[in-house]
Structure formats: C-alpha cells, structure tokens
Number of protein chains: 2
Amino acid sequence: MTPREAYDQLATHSKKTSVFGSIGSVLGWDQRTYMPGGGSKHRSEQLSLLAGMGHAMRTDPRIGEWLAVAEGSDLAKNPESVEAVNLREWRRGFDKATKIPQALVEALSKATSRGYDAWVQARKDNSFAAFRPHLEEIVGLVREKADALGWKTSRYDALADNYEPDATAASIRAVFEPLRKELAELVARLAATGRRPDPSVMDNDYPVAAQQNLCLEGAKDIGFDFECGRLDITTHPFCSSFGPGDTRLTTRYHPRHFSHGFFGTLHEAGHGLYGQGLPQEHFGTPMGNSVSLGIHESQSRMWENFVGRSRAFWIFFLPKAQKAFPGAMGGKKVDDVYFAINESQRDFIRVEADESTYNLHIMLRFEMELKLIKGQISVADAPGAWNETFKKLLGLDVPDDANGILQDVHWSGGGFGYFPTYCMGNLFAAQFFEQARADVGDLDAQFAKGEFRPLLGWLREKIHAQGMRYRSAKLCEKVTGKPLSHAPLMRHLKAKLEPLYGLG
Amino acid sequence: MTPREAYDQLATHSKKTSVFGSIGSVLGWDQRTYMPGGGSKHRSEQLSLLAGMGHAMRTDPRIGEWLAVAEGSDLAKNPESVEAVNLREWRRGFDKATKIPQALVEALSKATSRGYDAWVQARKDNSFAAFRPHLEEIVGLVREKADALGWKTSRYDALADNYEPDATAASIRAVFEPLRKELAELVARLAATGRRPDPSVMDNDYPVAAQQNLCLEGAKDIGFDFECGRLDITTHPFCSSFGPGDTRLTTRYHPRHFSHGFFGTLHEAGHGLYGQGLPQEHFGTPMGNSVSLGIHESQSRMWENFVGRSRAFWIFFLPKAQKAFPGAMGGKKVDDVYFAINESQRDFIRVEADESTYNLHIMLRFEMELKLIKGQISVADAPGAWNETFKKLLGLDVPDDANGILQDVHWSGGGFGYFPTYCMGNLFAAQFFEQARADVGDLDAQFAKGEFRPLLGWLREKIHAQGMRYRSAKLCEKVTGKPLSHAPLMRHLKAKLEPLYGLG
C-alpha cells in the first residue's frame, strides 16, 4: 500500500465515521427539542448502540496501520498542507481513542451515569454530602484516565488537552493569572459605584412569540443562513452542526426577561456561523472541523457580546425590538438598553453571570479542579474551598452549595478540563475582535447600519475556512500576530464598562 | 451451541437490528418535518450509510447458523409460542434479505432513484413518455426480484408477499372480485341520485392553528397517548413508531378544507394506536411487531372511517368542532357534517377519494400491476389500459396521465404489490369492526358519549397485543371466526351511504 493509498483509506474511514457520528447528533437534537417524555428509555438504547459502534470505528486497528504507512511519507512534510494536518489530527484522535482501556471507559460511563443522577438530586436537595462519594469516585477515575492518556508536567494537562488541544495547566494559568487580578479589581470598582441600569428594560413583558420572531431576525441579520439551519426551543440552549447544510440552533425564552432568549440566540448563532463557515469540501476530515472548544466559544462570544451587546448594534436593532415589544421597549433609548444588557453584577450562578464577572466564575472552577486533580484538596474539603475562593474573587458569601459547588453539571460527567475553554473563548474573542477592528475598518459604523458581512467575511477567511489547520495558540498568532493575552479582553471590558459606571 | 443459546443470540441480534433500524426512522421523520432544505444532501449520506450497515446486520451469516440450530428443536414445536413465531419470522426475513443478489439490489436502488426523479418531472410535465423507459427498466428489475425471491403460481405473489405475508394474486382477487362488482354498482347508484351535501361544510375558513388544536384533541379523545407521541406537520402525512414510548404522527392542513387535516390525523392516530399497543416486552423481535401493511391499514381506516366518519362520533365531537370553528361549523347540524364527510364522489385522484370510491382506485391499480408483472400488457400500453379500466370502474374519462397513471409514486420506487394492502386494510377493518360490535356492545352509543376505550381495549387485546403471532389471514379467522370477505365492507358502506343518498 502506497502512502497515498493509506491516506485515502484514512480519509474514507474518517468521513464515514463523521457521517455516523452526525447521526447521533440528530438523535441528540431531537431528544432535547421534540422527543416526548415517554421516548427517553428507547432513545438511550439508540444512543448507546451508536456510541458503541462509533467507538469501534474510531479504534479500528486499520487506522493505526494506515497511519504507519502515511505518516513518514512526503504527505506529512509540509505541516500546513491538508494531508499533514489531517494525518496529525487522525493520529491524535486514534491515540486518544485507543489509550484508554475498555474497562476504564466502562467504569467512567457507569460512574458518570450514576453521578449525574446523584448530582441532579443533590442539587435539588442542596446536599453536597449525597454527591460527595460519586464525585470522589469520578475524580479517581478521571485521574486514571489522565494517566492512561499520558502527561509530562501536570496530570491536569492530559484533561485540558481533550477540550483544547495543547492547552496545559501552565498555559491556562499564564493568561488567567493577570486577568484575574485586573478583572476582580475592575468588578469591585464597578460594584462600588452603586450604579444600576433601569430595571424595567430587562424585567418586563416579553411575549414569547414576539421573542421568537425577533431572535430569528437577529440571527438572520448577523448572517446565519436559515436555508441551512433552524432555531428551536430547548431547556439548555445549544448549537449542533449535523454536517454541510444543516446547523441547528436552540434557545429558551422567559416571558419576563429579554436577555436569555435574545443573547442566547446570538451566542448559539455565533457557534452556528462557525459551523456554516467550515470548508464543506473537507467535511468528515479534520480540515473540515473546528479547532477547539475555546475557538468555538470565541465565535459565540464574539457575536453575543462584542457585537450583540455593543452600542452600535442597538443603534441598528432598537427600532426592530421596539416594533416587537412596543410595551417593554417602546419609550426606551439606545443608552437605556445598552446599560441594561451590560450590567456588571456579582452573583452566584455562572450561567446567569454577565460578560465581566463570568470569567471570575470560570477561574474559580479552574483553580478548584486543578487542585482536585492534583490531590491538593480532597472532595470533602471542596465546598469550603469553593466558598473561600468565591469570596476572594467576587466578594460575596456563598449561601449554600446549590448556589455554590453544586450548580454545574460538568464534574458529574467527568468533564474536568472543560471549564477553562469558556474563558479562553472570551480571551480569543477579544484578541480576534481587536484585530478585526484593525483589518476591517470601522466596525461600529458598520454595525450601526446593520452591516455584519464585513466582520463575518473576515472571520470566514481568517478562522472558519482554516478548519483545523492550526491549533488554537498557533491560530491566534497567525491571525493577530501575537500569543494569547489577557490584555485585549481587559481593554474591551474597561472601554465598555467604565463609562457606563461613570469611571475611568 | 444449544437451541436455546442460538435462540437467545437471534433475539439479541434482532433487538440490536431493530434499535438500529429505528435510528433511521428518527432521521426520516426529521427529514419530513423539520430538516432545513440545505440539509438534504447530508441527510441522504446519513441514510445511505445506515441502509448499508442495516443490510449487513440483516444478512449476517450467523443468523443462518443460529436458525439452523434452533429451528428443528422443541422451541419451534408449538407454532403459536413466542419462540416459534419469532423463529418463523426471523427465517422469513433472513431468506428475503439474502435471496436477492447484491447486484440486483444495487441496480434496483439506482433505477428507482433515477425513476423517482423522472416520475416527479413527468407528472409535472404531464408526459408519460418521459417516465416510460424508467418504468420499463423498473418493471424488468422487479420481475427479476420476484424470481430471486421465488414463487409458485404467479410471479406477482412474490411481490405481494413483501407487504402482506402469504398474500397472492389469487387470494387478493378472491376478495377483490366480488367487491368490485357490488361496489361499482353502488357508487354508480349513488351518483345517479344527483344528491350532494352542503358544500359550505367542507369548503370554508378553517384557521390552521385551530385545526391543530382540534386534531390534538381528537387524537387524544380516541386514546392516542401524547406522553409517548407527537403530532407534527408534513407534506405527505405518515406515522412512524420509533420504538416503545415514541410514536410520531404527522398531518397537513388546508386553511379552506376541514377533512385533510382532521381525518388525516385520525388515520395516522389509528396507525399510532397500533404502534402504542404492541407488546413492548417483545420490542425488537417479531412478537413485538405489527402483522402486515394490511392489518396496519385496518387500524388507521377503522379510526378514520368507521369511528371518525360515523354519525355517533359527530354527536360527541360537533360541539368541540363548533367551538374551534364558530364561523364554519357554527350553525351546522350533525347530519350536515355527517353527509359532508361521507360524500361519495367519483374523481380521478386516489389520495383524495372517499371511503367508497377509494377501493375502486385500488382495484384498478391491482389489475394494472398484475398485468405488467405478468407481461400481459407492455408499459407502453399501460396508460391506455389504465384509462379504459378507470372508465369501466368509475364511469369517467381520464383527462390526462397526470390525473391517471402518473399520479402515484409507488411504481417509480419499485413498490409493485403494495397497493392491494390499502383495500385489504378497509376489508379487514370492516370485518373486525363488525365483530367488535358483536363483542363490545353498542359502539354507537359509546361513541356518542365520547367513549372509545371499549373499542380500543378490544383492539388491544385481539390484535395489538398479538404482535406477529398470526399472519393476517389467520388473525382474521381467529378474531372474527371467518376468512376475509368483501361482505362486511359492503354492508358497512350500504348501511352508511344508501340512507344519506335516499336509497335502499
């Protein structure tokens, strides 16, 4: 078999595996949107069958044989070529899939399945004690998983790498550390002003049908293609790209609150624009894939926060919102809305946090999971450590574990290493957005006229069309000329928030 | 390996194959309800991958080995036992799946894929000539398929058996022949009266949102469980049972016509009630499956026509309909609606035909496809033969092929042998319903009070809970004590229609 033949076999297998994987995405989407309650047992049987068959495809020993033939050849010579990129990522995927022993896969699956149920109940009962033995078991298994995957400096590195390839505890800390200091200080200064926006902007009558229409309009305005996608309702919003031509957004609506539905939609539409912008001719191979969770999140955060929460956007969009909600938005001015949607408010729940405080919630979680994985704190001591760190970062006393360590689903599923990608998404978004301002021209003037194509075109060319050509750190340098830094995000937050709070 | 071990292997494999097959059903449902247009290419790739993998599962040579061990054993001794039934149907499925050579499967798949596109265009252009070469190729391949499957008396038997196990040209003709004579005579007599119902009942303003609510109510009233199902909108209504707890109905609405949406919903709900009534503990094995297309159709037709179009139903349901459509139904009496929904009207299009003429449309198609498969007429002569037979059966001159031989999709997909099951569904429904009247008591008095549980309970026990224990002819004898006959359907139609038309 020639290297080219081996490569072609890999590509064919990769496409088949991707199409197969996308079948599970359809079932997952249906499960969270339209499936009747009675269907859940059968749906888990379908998904579990797909999971087993998909795992067999990803660990097919022929992949190793094909890789062995193709990797040493000329195909891998130019690291930026389509072939070299695909070979690099196929190797990574195959190694990851085969390194974890089957017994550990099954133990993790059982522990996290039980752990999820226990977490749901523990959160409801506000009782960490009931979740504690499950979390202890999961932490133990996740540490085993990290060891199976292999690591050099820190066991945590093996976990972070699952979500953000090449990310390490050290590389994350290098940007989080300076961000934390400056951000905690900014958030405290904003809170000290005692200023608050007019509460009637956010808390008002927002009929759900009108919200749906406005969300469709907003997503369309920023460029989401509804010929190749949809927007539906779910409890926990998500975006799922099934494949070329089919990207599904979901959001949720609160009849007395504007932000959840609208900015949730822009957020998911940001993910969706990335999905719609990936090079379709490479579908099913790494070159047709997104880079990482952090880069994916940079796209959702950019459209949600850097575009959707900008003053310029609301110069364009307020008349539409006023037409949709004559009661709630009728008499409001651009600056009323602009302040209301950018309020910096220290509170306990991550998913309800604003653009500034959100990052502090993440850094808390990063510190916590790093210590748990390193064994620097025990699971039993975790709630106390959580509350102490929360006080340091956000200045508030956590009232109970439901508002503290029990609020997130991630750890119950073994998802250690995931949290940092949320904050890295914000950091990437800020750095990309600064560069876009430099490259594309006066974005604010464009947004105020409803022109989002110049920014989208720039993202398409610089990021979407590149697929997985570069890992995230390299992509950042390629696009912005600099390594990832906390500075652009801090500049963005200060420039937006200080004037709103009469500071600066 | 013991016979029991072989049997258990077969059961496990059968369940896995069924769960896998139900994954394709979810994708098919999504494709016809919510999928954006841009997703169709990727969706065919997903479905084609599933089809290939599903075929591999159904033709797994181990099935033959397991069957060989289990079939001769005590497990197969009592033909009505769960084990014997499952072995019988596994054998049938395995033989069918393995008898057709792969080259023929592929040739048929290509020919019908091209044939479908050609048919869509030909119907649009009203040009049979453009479809003719495709139909000739398909008829040729379908004859080859029949030969591969094997037959004794008539090549057509091998095809009919795919949709209605054990049905043959002769067995179908034995009930169709007397039905045709009596029914054509009845339809002609009704038409000769010149009577027509008040057209404003059907043709009026029926706002779609109100139709949707009323359809949900109607389906719920007759017993469809929406905790384990849904009702959505599609172009061509269908019902899809994914598995235990998840049965999806679809319908379509016309804002100026009441029947399509409402009776379409009752029809699909009838299919759905069968799906919801199958024995869940046997899911994935034949004992948990429906008997045949004819028996499935007997359930949809019963709820649509024998229940939904009964006078008693409308004594109960008219107040609800009047509340939903105060304009269109406000002043109407039960008898106005009863006549309007039971009008016997000779026309050209099968899918728009009423309860009486519908069967004549089917018998025309049965005669046509029988002759095409036997080679008694050529494809070139088919349009002329169609029009001639149509005139004989329905007394009308077919104006063009779009209103004649080009109207149905079935033949373009190679579905010869399918049509008779529609009429057999009506025949089974009539014979079952007569028996239910004898067993359950005064069904009309129950319907008039909105009590449908006694009938549903009878169907559940006699038919649904039996799974595939009996083939359809045997089931009919078991339930009604007699072989299938045309007489109950004729009695039903005469009893309903003659009074409405002032005859009898």
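The values are calculated or read from the model by the stated rules, or taken from the named source; none is laboratory data. Since we're looking at a predicted model, the values are computed, not measured. As a convention, Cβ positions derive from the backbone with ideal geometry for all residues, glycine included, and neighbour counts pool all protein chains shown.
Quick look at the numbers
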quantity	calculated
Residues of the stretch B:13-30 satisfying the condition of being within 7 Å of another protein chain (Cβ to nearest Cβ) and surrounded by fewer than 18 Cβ atoms within 10 Å (Cβ to Cβ)	B:16
Meets criteria (modelled with pLDDT of 95 or more, within 14 Å of chain B (Cβ to nearest Cβ) and out of contact with any strand residue (DSSP E or B) (no Cβ under 7 Å at 6 or more places or on another chain)) for residue A:225	yes
Leading residue by the ranking (nearest to the other protein chains (Cβ to nearest Cβ)) among those in the stretch B:56-69 that are touching a helix residue (DSSP H, G or I) at 6+ places or on another chain (Cβ under 7 Å) and not charged (D, E, K, R)	B:57
Index of the failed condition, residue A:366 passing every other in (1) more than 23 Å from residue A:259 (Cβ to Cβ); (2) among the aromatic types (Phe, Trp, Tyr); (3) not in a helix (DSSP H, G or I)	(3)
Filter result for the condition that a residue is closer than 16 Å to residue A:202 by Cα, among the β-branched types (Val, Ile, Thr) and either at pLDDT 95 or above or assigned to a helix (DSSP H, G or I) (or both), over A:337, A:379, A:351	A:337
Residue within the stretch A:280-296 that is free of Cβ contacts under 8 Å to residues at least 24 places away in the same chain, within 14 Å of chain B (Cβ to nearest Cβ) and in a helix (DSSP H, G or I) present	yes
Which numbered condition residue B:268 fails, given (1) surrounded by fewer than 22 Cβ atoms within 10 Å (Cβ to Cβ); (2) more than 14 Å from chain A (Cβ to nearest Cβ); (3) under 23 Å from residue B:22 (Cα atoms); (4) of a type outside the set (A, V, I, L, M, F, W, C)	(1)
Residues satisfying the stated conditions in the stretch B:470-502, i.e. assigned to a loop (DSSP other than H, G, I, E, B) and surrounded by fewer than 17 Cβ atoms within 10 Å (Cβ to Cβ)	B:481, B:482, B:483, B:502
Selection from the stretch A:424-461 of residues that are outside any helix (DSSP H, G or I) and either surrounded by fewer than 19 Cβ atoms within 10 Å (Cβ to Cβ) or touching a Phe, Trp or Tyr at 6+ places or on another chain (Cβ under 7 Å) (or both)	A:441, A:442, A:449, A:450, A:451
Selection status of residue B:245, more than 19 Å from residue B:318 (Cα to Cα), over 21 Å from the mean Cα position of the chain (by Cα) and surrounded by 22 or more Cβ atoms within 10 Å (Cβ to Cβ)	yes
Filter result for residue B:132 (in contact with a helix residue (DSSP H, G or I) (Cβ under 8 Å, 6 or more places away or on another chain), more than 22 Å from residue B:88 (Cβ to Cβ) and of a type in the set (D, E, K, R))	no
Long-range neighbours under 7 Å by Cβ, at least six apart or interchain, first residue in contact (Cβ under 8 Å) with a residue 24 or more places away in the chain and at positive phi within the stretch B:151-168, second buried (at least 17 other Cβ atoms within 10 Å of the Cβ) and among the charged types (D, E, K, R)	B:166/B:471
Test: residue in the stretch A:76-99 that is out of contact with any strand residue (DSSP E or B) (no Cβ under 6 Å at 6 or more places or on another chain), in a loop (DSSP other than H, G, I, E, B), among the acidic types (Asp, Glu) and more than 14 Å from chain B (Cβ to nearest Cβ)	yes
Subset tally (residues that are closer than 18 Å to residue A:57 by Cβ and among the charged types (D, E, K, R)) for the stretch A:1-31	3
Which numbered condition residue A:53 misses (of (1) under 27 Å from residue A:235 (Cα atoms); (2) surrounded by fewer than 19 Cβ atoms within 10 Å (Cβ to Cβ); (3) within 10 Å of chain B (Cβ to nearest Cβ))	(1)
Index of the failed condition, residue B:37 passing every other in (1) within 14 Å of chain A (Cβ to nearest Cβ); (2) crowded, with 17+ Cβ neighbours inside 10 Å; (3) free of Cβ contacts under 8 Å to residues at least 40 places away in the same chain	(2)
Boolean, residue B:51 is touching a residue at least 12 places away in the same chain (Cβ under 8 Å) and of a type in the set (Gly, Ala, Ser)	yes
Residue match in the stretch B:26-43 (condition: among the hydroxyl-bearing types (Ser, Thr, Tyr), at pLDDT below 95 and not assigned by TED's automatic domain parsing to the domain that holds residue B:239)	yes
Output for the stretch B:218-230, where each listed residue is within 20 Å of the chain's Cα centre (by Cα) and either buried (at least 21 other Cβ atoms within 10 Å of the Cβ) or not assigned by TED's automatic domain parsing to the domain that holds residue B:454 (or both)	B:219, B:222, B:224, B:229
Condition met for residue B:6 (closer than 18 Å to residue B:284 by Cα, over 30 Å from the mean Cα position of the chain (by Cα) and surrounded by 15 or more Cβ atoms within 10 Å (Cβ to Cβ))	yes
Inter-residue pairs, beta-carbon under 8 Å, first at positive phi and in the stretch A:450-472, second assigned to a helix (DSSP H, G or I), 6+ apart	A:450/A:221; A:450/A:316; A:450/A:317; A:467/A:85; A:467/A:282; A:467/A:286; A:467/A:287; A:467/A:288
Where residue A:46 falls short, out of the listed (1) facing chain B (nearest Cβ under 9 Å); (2) touching a residue at least 40 places away in the same chain (Cβ under 8 Å); (3) crowded, with 20+ Cβ neighbours inside 10 Å	(2)
Criterion: touching a residue at least 12 places away in the same chain (Cβ under 8 Å), in the same structural domain as residue B:10 (by TED's automatic domain parsing), farther than 18 Å from residue B:375 by Cα and of a type in the set (S, T, N, Q) - qualifying residue of B:59, B:112	B:59
All positions within the stretch A:229-255 that are out of contact with any strand residue (DSSP E or B) (no Cβ under 6 Å at 6 or more places or on another chain), outside any loop (DSSP other than H, G, I, E, B) and within 11 Å of chain B (Cβ to nearest Cβ)	A:242, A:243, A:246
